[in-house]
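Participant: This is the structure, below, for whatever I ask next.
The values are calculated or read from the model by the stated rules, or taken from the named source; none is laboratory data. Everything numeric in this text was worked out from a predicted model, so none of it was measured. All Cβ positions, even for glycine, are placed from backbone atoms using ideal geometry, and neighbour counts span all protein chains on display. Note: areas computed on protein heavy atoms with side chains; ligands, DNA, RNA excluded. Shrake-Rupley method; radii C 1.70, N 1.55, O 1.52, S 1.80 Å.
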Amino acid sequence: MNTKDYIERFDEISHLSRAQQFDILEQVKDEIQSSSALLSFTAITFIVRVSCMLILLGASYIFWEPSTWTLFLAVFLGLIVSRVLVTEIKDHIVLKGLKNILNKNVV
């Protein structure tokens with residue numbers, strides 16, 4: 001997780017200074033990495049990318065003529081869809097961790 005990518009992204013901490021946001025997001029990063037229930041970001045990225053490509057490759061093979069261009073298009077679309085899904089999944093995990101950290105700091 002690149003902490004700098006998430007600065008100024010969440011409304012819950014956007015009113016804080018960049019240094020404070022960075023500190024909070026580092027705590028979130030540590031909590032996410034220490035949680036054994038969640039897969040690592042690298043594993044999630046790999047699984048989602050491979051799954052999207054295989055699903056679109058299978059669908060293109062079943063529904064259309066299995067030409068080279070169709071397969072390349074399926075791989076390209078699979079990469080685009082997987083990038084969106086990975087971003088959404090990562091944002092959800094970070095937001096969940098952020099809310100946990102903010103609740104711990106308030107209580």
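Participant: Here are some residues: S40, S35. Which one is under 18 Å from D91 (Cα atoms), touching a helix residue (DSSP H, G or I) at 6+ places or on another chain (Cβ under 9 Å), open to solvent by less than 50 Å² (accessible area, probe 1.4 Å) and among the polar types (S, T, N, Q)?
Facilitator: S35
Participant: To continue, here is another question. For the stretch 55-72, state whether one or more residues are surrounded by 18 or more Cβ atoms within 10 Å (Cβ to Cβ), modelled with pLDDT under 85 and aromatic (F, W, Y).
Facilitator: Checked against the condition, which is being surrounded by 18 or more Cβ atoms within 10 Å (Cβ to Cβ), modelled with pLDDT under 85 and aromatic (F, W, Y), the stretch 55-72 yields no hits at all.
Participant: F46: closer than 25 Å to S82 by Cα, of a type in the set (F, W, Y), modelled with pLDDT of 85 or more and open to solvent by 50 Å² or more (accessible area, probe 1.4 Å), yes or no?
Facilitator: Yes.
Participant: For the subset of the stretch 94-107 comprising residues that are surrounded by 11 or more Cβ atoms within 10 Å (Cβ to Cβ) and out of contact with any helix residue (DSSP H, G or I) (no Cβ under 7 Å at 6 or more places or on another chain), which member is farthest from S35 (Cα to Cα)?
Facilitator: The extreme case among them is L102.
Participant: Does the stretch 74-93 hold any residues that are under 10 Å from M53 (Cα atoms) and open to solvent by 40 Å² or more (accessible area, probe 1.4 Å), and which are they?
Facilitator: Across the stretch 74-93, the qualifying residues are V75, F76, L77, L79, I80, V81.
Participant: Using beta carbons and a limit of 7 Å, which pairs, at least six apart or on different chains, have the first residue in the stretch 1-22 and of a type in the set (D, E) and the second one surrounded by 10 or more Cβ atoms within 10 Å (Cβ to Cβ) and modelled with pLDDT under 85?
Facilitator: That search, which allows pairs on different chains as well, returns E8/S14.
Participant: Follow-up question, since we're still on this one. Has the stretch 77-89 got at least one residue that is of a type in the set (D, E, K, R), free of Cβ contacts under 8 Å to residues at least 40 places away in the same chain, out of contact with any Ser or Thr (no Cβ under 6 Å at 6 or more places or on another chain) and more than 21 Å from Y6 (Cβ to Cβ)?
Facilitator: Within the stretch 77-89 (the criterion being of a type in the set (D, E, K, R), free of Cβ contacts under 8 Å to residues at least 40 places away in the same chain, out of contact with any Ser or Thr (no Cβ under 6 Å at 6 or more places or on another chain) and more than 21 Å from Y6 (Cβ to Cβ)), the answer is no, since none of the residues qualifies.
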